[in-house]
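The values are calculated or read from the model by the stated rules, or taken from the named source; none is laboratory data. Computed from a predicted structure; not experimentally measured. Here the Cβ positions follow ideal geometry from the backbone for every residue, glycine too, while neighbour counts run over all protein chains shown.
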Amino acid sequence: MDVTVAAFDVDNTLTVRDCVMPFMRRVSGSHVLLRTVVSQPLTVFSLLKNRDRNSLKTLFVSSVFTGRLEPEVNELGVLFASRVANGWMREDVMNRLRWHQAQGHVVILVSASLSPYLEPLGDLLEVDAVLCTELETDGEAFTGNICGANCRGPEKVRRIQSWCDSARIPMSSVRYAYGDSSGDTEMLALVENPNYVKKIELEMVP
């Protein structure tokens, strides 16, 4: 069976803005994020200076989610996903996603965004799979840790490979990818039809 897969980054690709920090503010309030910066200014400065996005995210995830009850965060995630779907989507890239779906292509989201809201967003967009940064729980509350690696850069390709293996789809079927940043470089290099959408508007496909 011939399958065509299209992989979409989310933040600033499918959406017009970053989603991670706004969701963290929704969960904990801005004061928790500010307290993290104020209490560890040298660490935060060093991570920013070195552009260590993975470690910076780990730091804020720990501050925001440690001890938060899973049902509470997941409920906020559903509400946040609805907000994103109804007001933050980028029209040209969404049109391309719908085109792929109309062609019968398999559409997947591959993003460093967080699972509590990205999985509900995937449901709203009716995509076939969501590969993203997942948060660890102890069955009741979040531990403040990220499960595995942040879904960015080479990790995106690893996640796609793992998903293809489990779905019994060859990696060569992943023919389209859409991204906007250095975190998408490896994913874009993977496919025959890469689309770097930063500062361009995608044309309508007939």
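If we keep just the residues of region 133-148 that are free of Cβ contacts under 8 Å to residues at least 40 places away in the same chain and in contact with a Cys (Cβ under 8 Å, 6 or more places away or on another chain), which is nearest to LEU109 (Cα to Cα)?
GLU134
Quick one: which helices (runs of 4 or more DSSP H) lie wholly within region 44-126 and hold at least 1 residues that are among the basic types (Lys, Arg)?
Passing ranges, in order: 53-65, 70-87, 91-102.
Could you look through region 127-159, keep only residues that are part of a helix (DSSP H, G or I) and touching a helix residue (DSSP H, G or I) at 6+ places or on another chain (Cβ under 7 Å), and pick out the one that is surrounded by the most Cβ atoms within 10 Å (Cβ to Cβ)?
If we take residues in region 127-159 being part of a helix (DSSP H, G or I) and touching a helix residue (DSSP H, G or I) at 6+ places or on another chain (Cβ under 7 Å), then LYS156 is surrounded by the most Cβ atoms within 10 Å (Cβ to Cβ).
Could you check, for region 33-50, whether at least one of its residues is loosely packed, with under 14 Cβ neighbours inside 10 Å, at pLDDT below 75, more than 30 Å from LEU97 (Cα to Cα) and touching a Leu at 6+ places or on another chain (Cβ under 9 Å)?
yes
I'd like to verify a number: residues in region 184-202 that are in a helix (DSSP H, G or I) and either loosely packed, with under 15 Cβ neighbours inside 10 Å or modelled with pLDDT under 95 (or both), how many?
Residues that pass the stated criteria total 1.
Could you please tell me which pairs satisfy a Cβ distance under 7 Å, a separation of 6+ or placement on different chains, a first residue in region 182-206 that is over 12 Å from GLY153 (Cα atoms), and a second residue that is among the charged types (D, E, K, R) and part of a strand (DSSP E or B)?
Going by the 7 Å Cβ cut-off, the qualifying pairs are VAL191/ARG175; GLU192/ARG175; ASN193/ARG175.
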